Amino acid sequence: MNDLIDVAVKNIFRQKTRTALTITGILIGIGTVVALGSISEGIYSMITEEMQFLGGTIMVYSKGSSGFMTGFEGSEITEENVEEFEDFSGVKEVVPYVMRIGEIKIGQGPTSMIFGIAPKDIDFFKSRGTELDSGREIEEGDTYQALIGYKYAEENSLEVGDSIELKKNSFEIVGIIEEINSDIDNSIIIPVDTMMNIYNMDNYKSLFIVPEDVTKIDVVAEDLKSSFDDFEFTTSTDIINQMASIVDTIRFFTIGISSIAAVVGGLGVMNTMIMSVLERRREIGIMKAIGATNKYILTQILIESVMISLIGGLIGILIGGLGSYSLRFVSAGLARTEVTINLVVGSLLFAISLGLIGGLYPAWKAAKLDPIEAIRYE
Amino acid sequence: MNNIIELKDIEMTYNPGRHNELKVLKGVNLKIEKGEMIALLGPSGSGKSTLMHIIGCLDRPTRGKVYIEGKDAYNLSEDDLALVRRKKIGFVFQQFNLINVFTAVENIEMPMRLAGVKKDGARKRAMGLLKLVKLEERSEHFPNQLSGGELQRVAIARALANEPLIVLADEPTGNLDTKTGEEIINLMNRLNDKGYTFLIVTHDPLIAKSAGRIIKIKDGKILGG
């Protein structure tokens, strides 16, 4: 085996320019796969991180509102509804909230969101892995106190103890939430009663229901659906599935289409290996005459073609990774690209299989060479 | 009996049954003993190269049997025939046929490496063989840095790598000037004295003169055979 690799290295560097060009073909393809693939991977991980926060909960909206976190104005979940949900079998906790979007514009960052949550429900968020970066939580009895997201604080140079103004009411910032790569990063959280008061809201916008047994979340959601006609119940898995199908589409267009480039690179490998086998006919014949088996010749040619595609793949991953990084840099963090292990391993396997498939025909041709004819060949 | 190779009723027909059917060998019987030096003579087209290829397990005859150390060689699969070539046969060609990307010593190592000899062992024996053909100072040279006579000496050393039963040489002096050709003949004679068996396809009267046995082939048949 060592010998085969030794010989393969010697052989592929015989025609340096041709080998370099073939490698370039593969690396452009694989590099594109990695760079574009990192976009869909970035979107996917952004979604899963966001969804992690909602893991194990059922989201409830009144029918007619357009869905989760859209900032739809009509709040139609009443205090009585909340009590009904709390009494429903299989429900452990009900967390109602109100929200507004884009009400204040300090600085230029993305639109911020304002959430009104009961101080006792803050634990609900904490239990989903949200920790404070500094300060304290909103506590029972707080009124004009606020928690703010990490990015919001950073972009507006706010610290614990500073104040912000909402509807001409001054709020004291008591805590800053750590960065969790979610909408929460750009949010302001204030006590729900205060918020309903200053925005003149009578009802809740939406609520989260935590089931007693997380594994039965779908059963509880189904039960709720059949008992309450006026509300829509969505589990986090529903949303993840919806998002996943969107991500799959994006994946298809990024990875799928860039794969075409890689396949063209694979054809380059095939072409190079066919040429190489033709040029080395005589030598292959000699090898067979001195006792190389067909299997040996086949393996030899396959190792050479896989070596070419592997080198192309490795450089391609490197360049694609750099491309992905610079994409993030150029877009100032807007395109959240991510070169995942899956993407790297997948691209590498893809490169290897291109070499294998591209090498198969020339290797088979070489193995089938008649040594007598090949030696006579000038 | 010391027969290492025995051919029985070998027939070789190219394109059988077609309009361009060509009978190259028409019933050849031959026994080769260990330690022989045989010159195979005949006009071009007489079938001597084909006969050599058949003995060398490179070309399956249309009919007849080839026994190598008593075993029916062409009963074997393609890959098993390759193993017989590797271990039992050494080839020397008119065109030398060394592999250009390998140095002299690497060319000699190749059959041993194919046979699974470890790198150190193969190197040691290859150097020994280079010494035997008096080329040890050329071990790291590539074929394009060697003269014709040197190339043929490396090729002979390669043929001996796995201690073959027989060395088959196809016009080994055909591409060399007279003086160099003579050196090669002397080398083969010297190796024959050491016990190596040679079958040499040739036009060279000098080889014929030094051979222990001369086989003449004409129109696909061994004369007087």
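Look at the alpha carbon pairs under 8 Å that are at least 6 residues apart: their mean separation over the length of chain A gives a relative contact order of 30 percent. Using the rule -39500 (n - 2.57) for each DSSP H run of four or more residues, divided by the residues of chain A, the 222 nm mean residue ellipticity is -18000 deg cm²/dmol.
Sites counted here are trypsin sites (Lys or Arg not before Pro) in a DSSP loop (not H, G, I, E or B) having no more than 12 other Cβ atoms within 10 Å; the longest part of chain A that contains none of them is A:169-367. Here the 3J(HN,Hα) profile of region A:38-48, calculated from phi with Karplus coefficients 6.51, -1.76 and 1.60 at θ = phi - 60°, is 5, 5, 5, 5, x, 4, 4, 6, 5, 5, 5 Hz, Gly and Pro shown as x. Summing Cβ point charges (Lys, Arg +1; Asp, Glu -1) relative to the Cα centre of region B:51-205 gives a dipole of roughly 520 debye. Relative to the longest principal axis of the Cα atoms of chain B, helix B:78-88 runs at roughly 60 degrees.
Determine the shape class of region B:61-186: with a ≥ b ≥ c the square roots of the Cα gyration tensor eigenvalues, call it rounded for a/c under 1.5, and otherwise prolate if a/b is greater than b/c, oblate otherwise. It is oblate, given that a/c is not under 1.5 and a/b is not larger than b/c. In chain B, Cα pairs under 8 Å separated by at least six residues give a relative contact order of 30 percent. If both residues of a DSSP beta bridge must be in the protein assembly as shown, then about 65% of such bridges are antiparallel. Calculate how steeply helix A:236-251 sits against the longest principal axis of the alpha-carbon atoms of chain A, using the helix alpha-carbon long axis, and give the answer as 0 to 90 degrees to the nearest 10. The answer is roughly 40 degrees.
Charged side chains reduced to their Cβ positions (Lys and Arg at +1, Asp and Glu at -1) give region A:280-378 a dipole of some 100 debye around its Cα centre.
Set the Förster radius R0 to 45 Å, insert the Cβ-Cβ distance between B:Glu6 and B:Gln145 as r into 1/(1 + (r/R0)^6), and round the FRET efficiency to 0.05. E between B:Glu6 and B:Gln145, to the nearest 0.05, is 0.60.
Relative contact order, percent, of region B:28-113 when contacts are C-alpha pairs under 8 Å separated by at least 6 residues? Taking the mean separation of contacting Cα pairs over the length of region B:28-113, I get 17 percent. Separation of region B:22-36 from region A:135-189 is 100 Å, based on Cα centroids. Distance between the modelled labels on B:Leu76 and A:Asp248, one decimal in nanometres: 5.5 nm (7 Å Cα→Cβ projection). Taken as Cα centroids, region A:1-58 and region A:266-293 sit 28 Å apart, rounded to the nearest whole angstrom. I want to make sure I understand the PRE zone here: with the label point 7 angstrom from the Cα of A:Ser326 toward its beta carbon, which residues in region A:21-52 have backbone N atoms less than 17 Å away? Residues A:27-39 qualify, since their backbone N sits under 17 Å from the label point.
Legend: residue pairs A:Lys368/B:Lys71; B:Lys118/B:Lys179; A:Lys151/A:Lys225; B:Lys131/B:Lys221; A:Lys16/B:Lys118, Cα-Cα distance threshold 28 Å; pairs beyond threshold, B:Lys118/B:Lys179; A:Lys151/A:Lys225; B:Lys131/B:Lys221; A:Lys16/B:Lys118. The GluC sites (Glu not before Pro) of region B:27-113 that meet both conditions, a loop assignment by DSSP and at most 13 other Cβ atoms within 10 Å of the site Cβ, are B:Glu69.
With a point put 7 Å past each Cα toward its Cβ, work out how far A:Asn241 is from B:Glu137 in nm, to one decimal. Placing both labels 7 Å along Cα→Cβ, they lie 8.3 nm apart. Model label points for A:Lys216 and A:Leu360, set 7 angstrom from Cα along the Cα-to-Cβ axis, are 5.2 nm apart.
For chain A, taking Cα atoms only, Rg and Dmax work out to 30.4, 98 Å respectively. Please report how far the C-alpha centroid of region B:80-147 lies from that of region A:302-378, rounded to the nearest whole angstrom. That distance is 34 Å. The angle between the Cα long axis of helix A:341-367 and the longest principal axis of the Cα atoms of chain A comes to about 20 degrees, rounded to the nearest 10. Within region A:152-175, name every residue whose backbone N is under 12 Å away from a label modeled 7 Å from Cα of A:Asn197 along the Cβ vector. Once the point is set 7 Å along Cα→Cβ of A:Asn197, A:169-170 turn out to lie under 12 Å by backbone N, inside region A:152-175.
Hey, got the dipole for chain A? About the Cα centre, +1 on K and R Cβ, -1 on D and E Cβ, debye to the nearest 20?
Around 4060 debye, computed over chain A.
In loop segments of region B:153-225 as defined by DSSP, the trypsin sites (Lys or Arg not before Pro) with at most 12 further C-beta atoms inside 10 Å of their C-beta are B:Lys194. With the Cα gyration tensor of region A:1-45 giving a ≥ b ≥ c as the square roots of its eigenvalues, does the rule (a/c under 1.5 for rounded; else a/b larger than b/c for prolate; else oblate) give rounded, prolate or oblate? Here region A:1-45 falls in the oblate category.
Every number here is computed from the coordinates shown, using simple stated rules; none is lab data. Please read all numbers here as calculations on a predicted model, not as lab measurements. Ideal geometry is used to build each Cβ from the backbone, glycine not excepted, and the neighbour counts take in all protein chains shown.
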